[in-house]
Amino acid sequence: MAAAAALALSACGGTGVHQAAETTPTTAATGTTPATRDIPATVATASDDRPAAEPAAPGRPVAQWLRVGGLAAPGLGAVRPPALVVYADGRAIAGAAHELRLPPAEVETLVKALEQDLAGQPATASPRPGSPAFHDAPTTILGVDGGGGMREVHVPYLEQAATRYDAALVTARDRLSHLAGRVTARGRTYSTDRVRLSAERLASSRTTAEPLPEGVPLPPDTQATSTRKDYKGHKATAIARLVPGDGSWHVYRLPTGGHLALSWRYLLPHE
C-alpha cells in the first residue's frame, strides 16, 4: 500500500440541519451488564414530543461517550465518531448520524447523574487486580461538564470487562448508551456542510474499483500512511453525495493510476 497524505485542517462554521424533540420514557432504564445498577430515567412530558425549533447556538458539550483506539485501520479510526455527545442547549447527537433535542430538565438531570457516577474516579480507571488484559480492545471515554470544564475518565477495554470495573463506571456507560439508543431510534438524521475525510492511497486493489467521482477532492500526495482532512461547503457536500458514508473503506480508481480508499463522517458542532 502506498503512503497517503497527511493534512488536518480545523473546520469552522456549519450546523446540523435536522433535529427532533424527544420525551424520556417513564420506565427506568436498566444496565446491560451484571455490574450495572438501575438507572433512573430523566424527566420529560409528552408535550415535549414535538419537532424542534430552528437550531440555537450549539453551546458546549456537557456529556460525551467515546470509544478510541483498539484494533482498527488507522484511517478508519480517524473518522470514528463519538458514540454520543450532549450539548448544553439540549442537542444530543449519536454517532454523528442521528440527533434529538432534549428538554432542559433532562440535560440537567443527566449531568448531575454523570457527575455522581464519575465522582472520585481517576483520569484512567483500572480493573480489579487479576483481571485479564485486552490489548486490541478500544478504550471507553466517559465525560461530563457541569460548568467547570469537561472531566473525562478513560476506561480501557470496558466493553470486554465491565464486571471487572467499579459499578459506577458501568452505570455511567449504560446511562449514555441508553440515551444514544433513543437518539438513534427516535431522532432525525444528522447532517451538516462540514465533513472529515480519511484517505489512503493504494498501489493496487483486489476489487473492481469505479473511477473516482468527479467533484470529490483529492488529498495532497505526501509520504504519510494515511491522510485526514476536514472540508466544508461545496467540497463537503460533494463528498457526502458521492461517497457512501457507512464508516467503511470505499476504493476508487484514480485517473493517474493507482487506487484511493475513502471514508468520511459529518463533523460535530464543537469539532
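The values are calculated or read from the model by the stated rules, or taken from the named source; none is laboratory data. Bear in mind the structure is a predicted one, so any value in this text is a computation, not a measurement. Methodologically, a virtual Cβ is constructed for each residue, glycine included, from the backbone with ideal geometry; neighbour enumeration extends over all protein chains shown.
For the reader, a short list of remarks on this structure follows.
- For region 105-140, a tally of residues being in a strand (DSSP E or B) and buried (at least 19 other Cβ atoms within 10 Å of the Cβ) returns 1.
- Qualifying residue in region 72-93 (condition: within 17 Å of the chain's Cα centre (by Cα), among the hydroxyl-bearing types (Ser, Thr, Tyr) and surrounded by fewer than 17 Cβ atoms within 10 Å (Cβ to Cβ)): no
- Filtered residue count, region 226-271, keeping only those that are within 14 Å of residue 204 (Cα to Cα) and either among the aliphatic types (A, V, I, L, M) or part of a strand (DSSP E or B) (or both): 8
Listed here are the residues, each with its yes/no results for (1) in contact with a strand residue (DSSP E or B) (Cβ under 8 Å, 6 or more places away or on another chain); (2) closer than 22 Å to residue 99 by Cα; (3) buried (at least 21 other Cβ atoms within 10 Å of the Cβ); (4) at pLDDT 90 or above.
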site	(1), (2), (3), (4)
242	no, no, no, yes
248	yes, yes, no, yes
259	yes, no, no, no
268	yes, yes, yes, yes
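Quick grid of which residues meet (1) at pLDDT 90 or above; (2) over 18 Å from residue 80 (Cα atoms):
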{"position": "171", "(1), (2)": "yes, yes"}
{"position": "187", "(1), (2)": "yes, yes"}
{"position": "200", "(1), (2)": "no, no"}
{"position": "214", "(1), (2)": "yes, yes"}
{"position": "222", "(1), (2)": "no, yes"}
